[in-house]
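We did not get these values from a lab; they are worked out from the coordinates using the rules stated. Just so it is clear, the structure is predicted and the values come from calculations on it, not from any experiment. Heads up, the Cβs are rebuilt from the backbone with ideal geometry, glycines too, and the neighbour counts pull from every protein chain shown.
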Amino acid sequence: MRKNRNLVTGTFVGHERGFGFLEVEGREDDIFIPPNSTGPAMNGDVVSVEIVSEKVEERRAEGRVIDVIERNTKTVVGTYMKGKNYGFVVPDDKKLFNDIYISKKNSNKAKNNDKVVVQITHYPGINKNAEGKIIENLGHANDSSVDLLAILRAYDYKRVFPKAVQKEAEMIPQVVLNTDGRKDLRDKEIFTIDGADTKDIDDAISLEMVEGNYLLGVHIADVSNYVRENTPLDKEAAKRGTSVYLLDSVIPMLPKELSNGICSLNEGEDRNTLSIDILLDKNANILESHLYKAVINSKKKMTYDNVYKVIEQNDIPSGYEKFVDTLMLMKELALKLIAKRKNEGAIDFSVPETKVIVDENDKVIEIKPYETTLANRLIEQFMVLANECVAKQFSELKIPFIYRVHEIPDADKLQRFKVFLNNLNYTDNIPENIKPKDIQNILEISKGKPEEKVISMMGLRTMQLAKYSNHNLGHFGLALKNYCHFTSPIRRYPDLFIHRVISDYLANGDIAGSTFEKYTRLSIQYAETSSEMEQKSEEAEEELTTIKKCEYMKEHIGETFEGYISGVTSFGAFVELDNTIEGLVHVENMNDDYYVFDEINVALIGEHTKNIYKIGDKVTVRVIDADKLSRRIDFEFIN
């Protein structure tokens, strides 16, 4: 063995093309691991890597795997491919780029193209694949109902709670028994606004005028009153970190006895809340705010659709008649808040989310953009306001807390965004010391123009990921110095944790001594784990959505669609359709010419025809393939 080798330890992240990267804690840049240097490493393994070349300018440091220190993968979900005397499983996770060998005796009678769960029996070696045995058969890979099961297994999501957790939840009374020390708001006009199918209702609102000022009440389920620290219920909630929404299914953070029961602010039922009153002047400036414990009784479970009818269409659904004045007052305040936030630079990306509609067998019926109306934005504005006020108060108190932070964009990504704007002939007016308003100004200029969508999308890609932190780093996207997540304790653990801190503060007037030390330690721990679990849930949701998009487009092979070019690479152009589905036009399917990638202008240029395909171009494409296994949709241009 050579001496003085430059060895580093980190986490191996695989890529479907056979190479990988080493993530090293405390190191700014990842280390590139070429395909012939990954050794026996699998995605997620802790490995030792020898650096064979250091970073030079834009080129990453390069290394090779020397040893696997800790294995991360125990089971794998994938598609079984049956041979005569043996088979193999193609992993769904493309970061696991090698197939898993399955001997005949370990096939568990699986059939060709079955979706299966494999337990690893032998890890890969040099030039040798991993081996495994099939421990669960989920059904045929093309069966729509199997997709959700596969995601649940792949991400280790469990619908059923451990027995101790379920038992504790079932012992909690489903009625409010004690209102001591709480402000009684049960006679007050308080109601909820949610989606029609929502069962876990975290928040309720009230609004009235007081001496020419708006008095907004935001009333949040007091989950910490029922989920006590260090109980099995609390530990499981911390472990899950968040509720996960997969199509029409919910993997809740808390058992239904709490999430849909005693904690949910259901119409006509007494509920304990942690409430905040916010006094705003006629221009929607915050004058003061006040946190307190309360008991409420929601007067109406409203839906976004029906509220929209009231405030925008003057169409009053049955049961909404006595709430019209309050809803119109809420609209008035919401519009002022929207205008105020826009003036302060809050970034409003017009990038729609995807709405996947499935039947009772999870087969896709329709895919379309998720529409948000003023009714949705009204609730959003009031929740942001409550989160801001709570974060500001506890930041000033210097009490241990968890903040929702969104940092300034990465310099390299920002530079790429500037180049992109220059290519669209937009004046580069983004300064070095960037402010949210600089991004918002660009979005405003593009409004109503053909490039509006793509500028919003590229701007969004330029942003950092929002995360949780025990340090108050501000929220760039919202242009706020103070922000936290306070309003959804049923489905987010950071909200539940800070409710516990707030409750302690309200009860004792301060947080000090050993309690201060405990909350400091826990705020660091839960900020990190909750960020990880949130990212995991987003990946699961995105993967399932991608699978369903492939399933949907499989039924539309040969059909043509309008769209725009959302990305350009050396191997082709990505095209997003009006229904939010994205596919690839590979250069191999661009048959009218040989296309060369212009890296500076991020465009594909025909060598003979001089045709140019660039980001933002409106195009017509034909669907030529869609495959759930590879998670890929292929288009071709229609000239």
Exercise. Which order, highest average first, do 238-245, 566-573, 168-175 follow once you tally other Cβ atoms within 10 Å for each residue and take the mean per peptide?
Worked result: 238-245, 566-573, 168-175
Exercise. Roughly how many nanometres apart are two label points built 7 Å out from the Cα toward the Cβ at Ile434 and His471?
Worked result: 2.0
Problem set entry | Computed over the range 7-70: relative contact order in percent, which uses C-alpha pairs under 8 Å that are six or more apart | 33
Exercise. Among 70-76, 17-23, how do they line up from the highest to the lowest mean number of other beta-carbon atoms within 10 Å?
Worked result: 17-23, 70-76
Problem set entry | For the chain: Kirkwood Rh in Å [reciprocal of mean 1/r, alpha carbons] | 27.5
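Please compare each pair in Lys548/Lys610; Lys111/Lys256; Lys115/Lys239 to a cut-off of 30 Å on the Cα-Cα distance and tell me which ones are over it. Please report the intermediate quantities before stating the final value.
Details: Lys548/Lys610 37 Å; Lys111/Lys256 37 Å; Lys115/Lys239 28 Å.
Flagged as over cut-off: Lys548/Lys610; Lys111/Lys256.
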For this session: Enter the Cα centre distance for the pair the range 591-611 and the range 100-126, rounded to the nearest angstrom.
Result: 44
Problem set entry | Dipole of the range 217-358, positive direction: furthest Cα of His290, Ile347, Asn266, with charges on the beta-carbon | Ile347
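Once you charge only the Cβ atoms, +1 for Lys and Arg and -1 for Asp and Glu, what is the size of the charge dipole of the range 556-637 about its Cα centre, to the nearest 20 debye? Working shown, then result.
Details: 7 positive and 16 negative charges, 28 e Å.
Here the range 556-637 has a charge dipole of around 140 debye.
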Seminar exercise, completed: The set of residues whose placed amide H lies less than 5 Å from the amide H of Thr569, leaving out same-chain residues fewer than 5 positions away, is Phe574
For this session: Round to the nearest 0.05 the FRET efficiency obtained for Arg71 and Glu229 when R0 = 25 Å and r is the Cβ-Cβ distance.
Result: 0.15
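Going through the range 598-632, which trypsin sites (Lys or Arg not before Pro) have at most 11 other Cβ atoms within 10 Å and a DSSP loop state? List each step's numbers first, then the result.
Numbers: sites: Lys610, Lys614, Lys618, Arg622, Lys628, Arg631, Arg632; in loops: Lys610, Lys628, Arg631.
The qualifying sites are Lys610.
If I stretch the segment between Arg60 and Lys340 completely, what's the gain in nm (0.36 nm per residue apart, minus their alpha carbon distance), one decimal? Mind showing how you got there, number by number?
Working: separation 280, 0.36 × 280 = 100.80 nm, distance 4.36 nm.
So the extension gain works out to 96.4 nm.
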Problem set entry | Positive-end residue, the range 1-122 charge dipole about Cα centroid, Cβ charges, pick of Ile51, Asn72, Thr9 | Asn72
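Where nothing but the Cβ of Lys and Arg (+1) and of Asp and Glu (-1) is charged, how large is the charge dipole of the range 7-70 around its Cα centre, in debye to the nearest 20? The partial results should precede the final answer.
Details: 6 positive and 14 negative charges, 43 e Å.
The dipole of the range 7-70 has a size of about 200 debye.
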Exercise. What are the ³J(HN,Hα) values, in whole Hz, obtained from phi via the Karplus relation 6.51 cos²θ - 1.76 cosθ + 1.60 with θ = phi - 60°, for each residue of the range 252-261 in sequence order, with x given for Gly and Pro?
Worked result: x, 6, 10, x, 4, 4, 9, 5, 9, x
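Place the peptides 340-346, 387-393, 492-498, 311-317 in order of packing, highest mean first, counting for every residue the other Cβ atoms within 10 Å and averaging per peptide. Don't skip to the answer; put the middle values down first.
Numbers: 340-346: 16.4, 387-393: 22.7, 492-498: 26.7, 311-317: 12.6.
So the order, starting with the most tightly packed, is 492-498, 387-393, 340-346, 311-317.
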Seminar exercise, completed: For the range 111-123, in residue order, the Karplus 3J(HN,Hα) values (coefficients 6.51, -1.76, 1.60; θ = phi - 60°; whole Hz; Gly and Pro = x) are 9, 4, 6, 6, 8, 9, 10, 10, 9, 6, 9, 9, 6
Seminar exercise, completed: Between the alpha carbon centres of the range 376-406 and the range 496-519 the gap in Å comes to 17
Exercise. Amide H neighbours of Val619 under 5 Å, counting only residues 5+ apart in sequence or on other chains, H built in-plane at 1.01 Å?
Worked result: Gly563, Tyr564, Ile565
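Could you tell me the calculated FRET efficiency between Ala164 and Glu28, based on Cβ-Cβ distance and R0 = 35 angstrom, to the nearest 0.05? Walk me through the numbers before you get to the answer.
Working: r = 43 Å, r/R0 = 1.23.
E(calc), rounded to 0.05, equals 0.25.
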For this session: Rounded to the nearest Å, what's the spacing between the alpha carbon centres of the range 163-234 and the range 305-335? Just the number, please.
Result: 23
Exercise. FRET efficiency for Asp348 and Val175, Cβ-Cβ distance as r, R0 = 51 Å, nearest 0.05?
Worked result: 0.75
Exercise. What's the extension gain from Asp593 to Asn85 if we count 0.36 nm per residue and subtract their Cα-Cα distance?
Worked result: 178.3 nm
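If you place +1 on the Cβ of every Lys and Arg, -1 on the Cβ of every Asp and Glu, and leave all else neutral, what size is the dipole of the range 169-220 about its Cα centre, to the nearest 20 Debye? Write out the running numbers ahead of the final one.
Details: 5 positive and 12 negative charges, 32 e Å.
Here the range 169-220 has a charge dipole of around 160 debye.
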For this session: Give me the number: length gained by fully extending Lys363 to Ala512, i.e. 0.36 nm times residue separation minus the C-alpha to C-alpha distance, one decimal in nm.
Result: 48.2 nm
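Per DSSP helix of 4 or more residues, -39500 (n - 2.57); summed, then divided by the residues of the chain. What does that give at 222 nm, rounded to the nearest 500? Walk me through the intermediate numbers first.
Numbers: 11 runs with 177 residues, N = 639.
Here the helix-only value at 222 nm equals -9000 deg cm²/dmol.
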Exercise. Quick one: Karplus J couplings for the range 407-421, per residue in order, coefficients 6.51, -1.76, 1.60, θ = phi - 60°, nearest Hz, x for Gly and Pro?
Worked result: 7, 4, x, 4, 4, 5, 5, 5, 5, 5, 5, 5, 4, 4, 5
Seminar exercise, completed: Counting Lys and Arg as +1 and Asp and Glu as -1 over every other residue whose Cβ sits under 11 Å from the Cβ of Glu353, the net charge comes to -1
